[in-house]
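One structure, as structure tokens, below. Some questions next.
The values are calculated or read from the model by the stated rules, or taken from the named source; none is laboratory data. This is a predicted model, so every value here is computed, not measured. Cβ placement follows ideal geometry from the backbone for every residue including glycine, while neighbour counts extend to all protein chains displayed.
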Amino acid sequence: MGRLLACLLAALLMASCGGAKNRIDKLDANAVVLAFGDSLTFGTGASPSESYPAVLERAIGRKVVNAGVPGETSGQGLQRLPEVLEEVKPRLLVLCHGGNDFLRRMDETQAAANVRAMIQLARSQGVPVVLLATPKPGLPPSIPLFYGEIAAELKVPFEEGVIRTVLFDNSLKSDMVHPNAAGYARIAAAVEKVLKGAGAI
């Protein structure tokens with residue numbers, strides 16, 4: 001009996017920490033999604049129609065605004081985000097930032113603080129967030145722990161592995177740090193899966 005009770009308590013705990021906490025209200029057909037980040041969002045290495053935001057837009061049937069800026073650091077993204085939120089007025093933010101911080105060997109603690117601040121800024125305006133992790137360069141590339149920690153802390157839907165998987169596969173890359181069209185399609189599919197899992201589409 002004690003074992004059964006323990007199992008039930010564990011199940012309840014998992015439920016309280018699981019999908020329900022990361023739900024997103026279903027997006028209306030006319031809702032705008034903001035894809036915000038650096039060159040991985042912009043689509044460097046592929047044509048504009050092959051970037052992950054463009055592929056995602058076709059997949060989910062909602063407008064997806066590509067607000068990727070190649071070379072941008074997370075600190076620069078944090079400075080830029082308020083103006084973009086005001087201009088686009090999205091119903092959802094897909095955030096992918098940090099890669100240039102890692103390439104430039106900048107302070108990972110500060111990158112974490114910037115990512116957290118961007119999520120909090122969007123949510124303070126009623127905009128839910130989906131977070132994509134960007135790997136640090138290396139053999140193999142590794143995902144900084146702070147992405148998962150922030151996702152758990154702020155209870156946001158989270159995609160951890162797809163960019164690392166793409167950048168670890170030469171057939172999905174245009175160069176050492178950017179996907180090709182097939183790689184961006186893989187990222188878009190992963191984001192779509194997260195959106196479906198969160199109830200957004």
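In segment 161-173, how many are in contact (Cβ under 8 Å) with a residue 12 or more places away in the chain and either in a helix (DSSP H, G or I) or crowded, with 17+ Cβ neighbours inside 10 Å (or both)?
8
Continuing with this model, one more query. Is it true that Pro70 is surrounded by fewer than 17 Cβ atoms within 10 Å (Cβ to Cβ) and closer than 21 Å to His178 by Cβ?
yes
Can you pull out every residue in segment 111-136 that is free of Cβ contacts under 8 Å to residues at least 40 places away in the same chain and loosely packed, with under 14 Cβ neighbours inside 10 Å?
Gln120, Ser124, Gly126, listed by residue number.
Going by the structure shown, is Ser47 among the polar types (S, T, N, Q) and over 16 Å from Leu132 (Cα atoms)?
On the way: among the polar types (S, T, N, Q): yes; over 16 Å from Leu132 (Cα atoms): yes.
Yes, satisfied.
So, one more: Name the residue that is farthest from Glu72 (Cα to Cα), counting only residues in segment 25-46 that are in contact with a Lys or Arg (Cβ under 6 Å, 6 or more places away or on another chain) and assigned to a loop (DSSP other than H, G, I, E, B).
First, the residues of segment 25-46 that are in contact with a Lys or Arg (Cβ under 6 Å, 6 or more places away or on another chain): 27, 31-33.
Cutting the leftovers down to assigned to a loop (DSSP other than H, G, I, E, B) gives us 27, 31.
Values: Leu27: 28, Ala31: 26 Å.
Among residues in segment 25-46 that are in contact with a Lys or Arg (Cβ under 6 Å, 6 or more places away or on another chain) and assigned to a loop (DSSP other than H, G, I, E, B), the one farthest from Glu72 (Cα to Cα) is Leu27.
For segment 89-110, name all the residues that are under 18 Å from Leu40 (Cβ atoms), part of a helix (DSSP H, G or I) and of a type outside the set (Phe, Trp, Tyr).
Residues satisfying the conditions are Gly99, Asn100, Asp101, Leu103, Glu108.
In segment 31-50, is there at least one residue being modelled with pLDDT of 95 or more, in contact with a strand residue (DSSP E or B) (Cβ under 6 Å, 6 or more places away or on another chain) and of a type in the set (S, T, N, Q)?
The answer is yes, given that some residue of segment 31-50 is modelled with pLDDT of 95 or more, in contact with a strand residue (DSSP E or B) (Cβ under 6 Å, 6 or more places away or on another chain) and of a type in the set (S, T, N, Q).
Hey, another quick one. Only one residue in Ala133, Ala112, Ala117 is under 21 Å from Ala190 (Cβ atoms) and not polar (S, T, N, Q), so which one is that?
From the options Ala133, Ala112, Ala117, the qualifying one is Ala133.
Hey, can you tell me all the residues within segment 108-147 that are among the hydroxyl-bearing types (Ser, Thr, Tyr) and over 14 Å from the mean Cα position of the chain (by Cα)?
Those that are among the hydroxyl-bearing types (Ser, Thr, Tyr) and over 14 Å from the mean Cα position of the chain (by Cα): Thr109, Ser124, Ser142.
Of the conditions (1) within 14 Å of Gly99 (Cβ to Cβ); (2) touching a Leu at 6+ places or on another chain (Cβ under 9 Å); (3) crowded, with 16+ Cβ neighbours inside 10 Å; (4) without any contact (Cβ under 8 Å) to a residue 60 or more places away in the chain, Ala190 fails just one. Which one is it?
Unmet condition: (1).
Suppose we filter segment 78-98 for residues that are in contact with a strand residue (DSSP E or B) (Cβ under 8 Å, 6 or more places away or on another chain), buried (at least 18 other Cβ atoms within 10 Å of the Cβ) and not β-branched (Val, Ile, Thr); how many remain?
9
May I ask you to list pairs of residues, at least six apart or on different chains, whose Cβ atoms are under 8 Å apart, with the first in segment 137-160 being on the phi > 0 side of the Ramachandran plot and surrounded by fewer than 18 Cβ atoms within 10 Å (Cβ to Cβ) and the second being modelled with pLDDT under 95 and not aliphatic (A, V, I, L, M)?
Partner pairs satisfying both residue conditions: Lys155/Lys21; Lys155/Asn22.
Here's another thing I want to ask about it. Quick one: which of Val177, Val127 is more than 19 Å from Asp38 (Cβ to Cβ), part of a loop (DSSP other than H, G, I, E, B) and in contact with a Pro (Cβ under 8 Å, 6 or more places away or on another chain)?
Step by step, each of Val177, Val127 is checked, and only Val127 is more than 19 Å from Asp38 (Cβ to Cβ), part of a loop (DSSP other than H, G, I, E, B) and in contact with a Pro (Cβ under 8 Å, 6 or more places away or on another chain).
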